[in-house]
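The values are calculated or read from the model by the stated rules, or taken from the named source; none is laboratory data. These numbers come from a predicted model, not from an experiment. Glycine gets a Cβ as well: all are built from the backbone with ideal geometry, and neighbour counts include every protein chain shown.
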Amino acid sequence: MKQFRAMNKLKKLALKVIAENMSEEEIRGLKAMFTNMDTDNSGTITYEELKAGLQRLGSKLSEAEVKQLMEAADVDGNGTIDCIEFITATMHRHKLERDDHLYKAFQYFDKDSSG
C-alpha cells in the first residue's frame with residue numbers, strides 16, 4: 001500500500017482498470033482481506049476499520065501513515081475504501097505486470113483505437 005500512495009492519478013486509474021478485469025481466482029485472497037476489515041459489512045472500509053484491520057494484521061504504522069494510506073487508497077475521495085479501491089491498492093506488482101493486464105488497461109485508455 002505504501003507504493004500505491006506515491007503513484008500519480010493516471011497510474012492509480014490504470015491499476016483500477018486492471019483490478020476490475022482480474023479473475024476471481026486472482027483476487028480471492030484480497031477480497032477476503034477486504035471482508036475481514038469491513039467489520040460493519042457496509043461494502044466499504046472506513047478509516048477506523050482500516051486502522052483496526054491493519055493492527056490485527058500486526059502493522060506498526062503510525063496514525064499519520066494510516067491516514068496517508070487511507071487518502072491514497074480512497075481514489076474517488078468519498079472518505080471510504082470500496083473493494084475495487086482496496087484491491088487496486090494492495091495487488092502485488094507481479095500480477096500488474098502481466099502483459100494481458102497491461103493490454104486491457106491500455107485498451108481502456110485508447111478510446112479511439114489509435115494505438
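Residues of segment 57-68 being hydroxyl-bearing (S, T, Y) and exposed (fewer than 14 other Cβ atoms within 10 Å of the Cβ), which ones? Break it down into steps so the answer makes sense when it comes.
Residues of segment 57-68 that are hydroxyl-bearing (S, T, Y), as a first pass: 59, 62.
Once the filter is applied, which keeps residues that are hydroxyl-bearing (S, T, Y) and exposed (fewer than 14 other Cβ atoms within 10 Å of the Cβ), segment 57-68 yields only S62.
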Residue count, segment 94-115 (criterion: small (G, A, S) and either at pLDDT below 65 or assigned to a helix (DSSP H, G or I) (or both)): 1
Output the number of the condition that L54 fails; it satisfies all remaining conditions of (1) surrounded by fewer than 19 Cβ atoms within 10 Å (Cβ to Cβ); (2) touching a residue at least 12 places away in the same chain (Cβ under 8 Å); (3) closer than 30 Å to F106 by Cα. (3)
Filter pass, M37 being at pLDDT 95 or above, over 20 Å from K9 (Cβ atoms), under 16 Å from the mean Cα position of the chain (by Cα) and surrounded by 15 or more Cβ atoms within 10 Å (Cβ to Cβ): yes
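Conditions tested, residue by residue: (1) aromatic (F, W, Y); (2) within 29 Å of F106 (Cβ to Cβ); (3) in a loop (DSSP other than H, G, I, E, B).
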| residue | (1), (2), (3) |
| --- | --- |
| L10 | no, yes, no |
| A19 | no, yes, no |
| F34 | yes, yes, no |
| K67 | no, no, no |
| V75 | no, yes, yes |
| G79 | no, no, yes |
Which residues, taken from segment 31-65, are among the charged types (D, E, K, R) and under 21 Å from G77 (Cβ atoms)? D38, D40, E48, E49, K51, E63, E65
